[in-house]
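First the structure, in the form of C-alpha cells, and then the observations on it.
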Amino acid sequence: MKIELRNDGDWARTVYTEAELDAPVDVVWGVWSDLEHHSTWNPVMTRIRGKAELDAEVKVGFRAGVMMVVRCVVDSHEPGRRLSWTGGARGVLSGHHYFECHPLPEGRTHIIHGETFSGLLVPLLWPVLGPQLKKNYRAMNNALAKHVQLQTFL
C-alpha cells in the first residue's frame, strides 16, 4: 500500500493512497458505494447517510476525539469507477474526498483513495492532522481489503 502526505500549496494538503485489492472491481465498488453500510466495516467513517448519486447530500460521521458529522455534496459519481464528495467550511477548512477503482488482471482491483484539505486552518492543523490521517487511511484501506476479500468468498 502506498500512502503519501502531500503539500499542495499555501492552504492545501492531501493524503493520497493507492492499493491493490484481491477482489474484482464490481465487488470493491459495491462495498464502497453502499454508503449506508460503511459502519459494518469502516473503522474511520463510522456513519454515512445519503446516496452515492451526483449532487446528493451525504452526511459523513467520523470519530476525532468525539463523533463529528460533516455535510458533504457528491461532486463526482462514475459508477464502477469514481466517487467523490466535498464538505466543510469553504475557505476555513474543507475536504474533497475521492475514491477510484480500476480493474487489474486476475480479478483484482487497483484503488486510489484520498482527500485534499484546503482553507486557512489547514497549515496550522496539518502537523497533527496529517499523521493521524495517514493512520486513518491505512486502517480504512486495510479494512476495505479484508471486507471485499470476504465478500468474494461468500
- [ ] May I ask you to say which residue of Glu20, Glu4 is surrounded by fewer than 16 Cβ atoms within 10 Å (Cβ to Cβ) and in contact (Cβ under 8 Å) with a residue 24 or more places away in the chain?
- [x] Glu20
TODO: Could you grab me the full set of residues in region 137-154 that are modelled with pLDDT under 95 and over 15 Å from Gly30 (Cβ atoms)?
DONE: none
Task: Lone unmet requirement of (1) touching a residue at least 24 places away in the same chain (Cβ under 8 Å); (2) surrounded by 15 or more Cβ atoms within 10 Å (Cβ to Cβ) for Ala139 - done: (2)
- [ ] Please specify each residue of region 7-17 satisfying the condition of being without any contact (Cβ under 8 Å) to a residue 40 or more places away in the chain and not in a loop (DSSP other than H, G, I, E, B).
- [x] Asn7
Task: Val128, sole failed condition from (1) at pLDDT below 95; (2) under 18 Å from the mean Cα position of the chain (by Cα) - done: (2)
Open item on the list: Show me the strands (runs of 3 or more DSSP E) found entirely inside region 24-131 where at least 3 residues are exposed (fewer than 14 other Cβ atoms within 10 Å of the Cβ), of a type in the set (A, V, I, L, M) and free of Cβ contacts under 8 Å to residues at least 24 places away in the same chain.
Closed with: 66-78
Open item on the list: I'd like to check something: does region 127-149 contain any residue that is touching a Cys at 6+ places or on another chain (Cβ under 7 Å) and under 18 Å from Asn42 (Cα atoms)?
Closed with: no
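The values are calculated or read from the model by the stated rules, or taken from the named source; none is laboratory data. Keep in mind the model is a prediction, meaning the values are calculated, not measured. Neighbour counts are summed over all protein chains in view; Cβ atoms, including those assigned to glycine, are modelled from backbone coordinates with ideal geometry.
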